[in-house]
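**Q** Below you'll find the structure I mean.
Just so you know, all these numbers are worked out from the coordinates, no wet-lab data involved. None of these values were measured; they are calculated from a predicted model. Cβ coordinates were reconstructed from backbone atoms using ideal geometry, including for glycine residues, and neighbour counts include every protein chain displayed.
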Amino acid sequence: MLMIYEYLVSMLGYLITIICVLIGVAFLTLLERSVLGYIQIRKGPNKVGAMGLIQPFSDAIKLFTKEQGSPCMSNYILYYFSPIMGLFIALIIWLVFPYLTYLFGFKYGVLYFLCCSSLGVYCVMIAGWSSNSNYSLLGSLRAIAQTISYEVSMALIVLSVVLLVDGFNMIDLYAFQRGGVWFVFMFFPLFLMWFTTCLAETNRTPFDFAEGESELVSGFNVEYSSGGFALIFLAEYAMILFMSVLISLMFLGGNIDDLFFFMSVVLMSFGFIWARGTLPRYRYDKLMDLAWKCFLPITLSMIIFYESLSILLLF
């Protein structure tokens, strides 16, 4: 009976987490549109509700009530399955969030995060292929190559932190920085590379090669409309929000009890939006050179350095 009770409490807690994440995504889109409006010296969404606060919900209602169409030559089942799978992965990754109430305990939370983030490649691949469109296929191929390349540097950066913390649990990151020096000061080069890698992993400007208005229109999701497009949109922004949480957890103290933690999450999310509003799109070959010729050797050198540092700390 106690096990059933614990299971129900865990499921209820995760359901509340999902609702909070979806509401956070809604207001993140509102923040993005408002910030982009200020960057481009124009008005943002301010029509529906006070200061446009109801605008994200009205957009969601509009998208999910529109007629759902699909290309006649598409692989119908996979075409509809890939956005659902993408949103499912973007939401289930939030299980690794280190709740101090131990709602979910992940001894190997870092490995769980890397596994879930790598599964997102399949959603993009299926979405691009099943649409049976040259534009979407090329967009998905670009996104797959980009994501796989930057997953290598992402794993190595995480490994550098794990070697110093000596644990794969996310709570270890919080415990190691509590009352001590934040990792952003100890790992500042890694922090900059991690933020750049997060931009590339989430297909955000200046690395949004899955899109390209002059060449691929909207990339792998060009054939999606109404509900399918909304699900892909939700998955992308849920991952941006999670990456912001992870940056705050890994490098900015990770004190979940503190208000500054949530302020730093908003600041990191603002960084994603700021990059979109100010930076031009990168060149594709430069993107690959950055991953394999810059980030890879630097992160490998950093692993050796921090491993030797952790050995010195033992003595």
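**Q** Where does helix 134-165 land angle-wise versus the long Cα axis of the chain, in degrees 0 to 90, nearest 10?
**A** Once rounded, one gets 10 degrees.
**Q** So, in Å, what gap is there between the alpha-carbon centers of region 103-146 and region 153-213?
**A** Using only Cα atoms, the two centres lie 19 Å from each other.
**Q** Using a 10 Å cut-off around each Cβ, can you sort Arg281, Arg276, Arg142 from fewest to most neighbouring Cβ atoms? Kindly include the intermediate steps, with their values, before the conclusion.
**A** On the way: Arg281 14, Arg276 17, Arg142 24.
Final ranking by Cβ density, sparse to dense: Arg281, Arg276, Arg142.
**Q** Suppose a student asked you for the relative contact order of region 67-314, using Cα pairs under 8 Å spaced at least 6 residues apart; what percent would you report? Kindly include the intermediate steps, with their values, before the conclusion.
**A** Details: 312 pairs, mean separation 67.1, N = 248.
Reported relative contact order: 27 percent.
**Q** At 7 Å along the Cα-to-beta-carbon direction for both Phe185 and Ser10, put a label point, then send me their distance in nm to one decimal.
**A** 3.8 nm
**Q** Can you give me the distance in nm between label points at Asn46 and Glu307, each placed 7 Å from the Cα along the Cα-to-Cβ direction?
**A** 5.6 nm
**Q** While we're here: Assuming a ≥ b ≥ c are the square roots of the Cα gyration tensor eigenvalues, decide whether region 75-154 counts as rounded (a/c under 1.5), prolate (otherwise, with a/b larger than b/c) or oblate.
**A** Values: a/c = 4.39, a/b = 1.85, b/c = 2.37.
Cα axes put region 75-154 in the oblate bin.
**Q** Moving on to the next point. From the Cα gyration tensor of region 257-308, with a ≥ b ≥ c the square roots of its eigenvalues, which class applies: rounded if a/c is under 1.5, or else prolate if a/b is larger than b/c, or else oblate? Each step should come with its number before you reach the end.
**A** Numbers: a/c = 5.64, a/b = 1.19, b/c = 4.73.
Cα axes put region 257-308 in the oblate bin.
**Q** Provide Rg over Rh for region 1-129; use the alpha carbon set for both Rg and the Kirkwood Rh (inverse mean inverse pair distance). List each step's numbers first, then the result.
**A** Values: Rg = 18.8 Å, Rh = 17.9 Å.
Using Cα coordinates only, the ratio equals 1.05.
**Q** Which value results for Rg/Rh of region 24-93 when Rg is the Cα radius of gyration and Rh the Kirkwood radius based on the inverse mean 1/r?
**A** Details: Rg = 16.0 Å, Rh = 14.6 Å.
Taking Rh as the inverse mean 1/r over Cα pairs, Rg/Rh reads 1.10.
**Q** As a check on your grasp of the helix formula, calculate [θ] at 222 nm for the chain: sum -39500 (n - 2.57) over DSSP H runs of n ≥ 4, divide by the residue count, round to the nearest 500. Don't skip to the end; give the middle numbers.
**A** On the way: 12 runs with 217 residues, N = 315.
About -23500 deg cm²/dmol.
**Q** Moving on. Give me a comma-separated list of calculated 3J(HN,Hα) values for region 229-239, in order, Karplus coefficients 6.51, -1.76, 1.60 applied at θ = phi - 60°, integers in Hz, x for any Gly or Pro.
**A** Per residue, the Karplus-derived 3J(HN,Hα) values read 5, 4, 5, 4, 4, 5, 4, 5, 6, 5, 5 Hz.
**Q** Round to the nearest 10 and give me the degree value, 0 to 90, for the angle of helix 2-39's Cα axis relative to the longest principal axis of the chain.
**A** The answer is roughly 70 degrees.
**Q** Full-extension gain between Phe88 and Phe262, please, as 0.36 nm times their residue separation minus the C-alpha to C-alpha distance. Please report the intermediate quantities before stating the final value.
**A** Details: separation 174, 0.36 × 174 = 62.64 nm, distance 2.39 nm.
This chain segment gains 60.3 nm when fully extended.
**Q** Can I ask one more? Quick one: angle between helix 76-92 and the longest Cα principal axis of the chain, in degrees between 0 and 90, rounded to 10, please.
**A** Helix 76-92 and the main axis of the chain meet at about 30 degrees.
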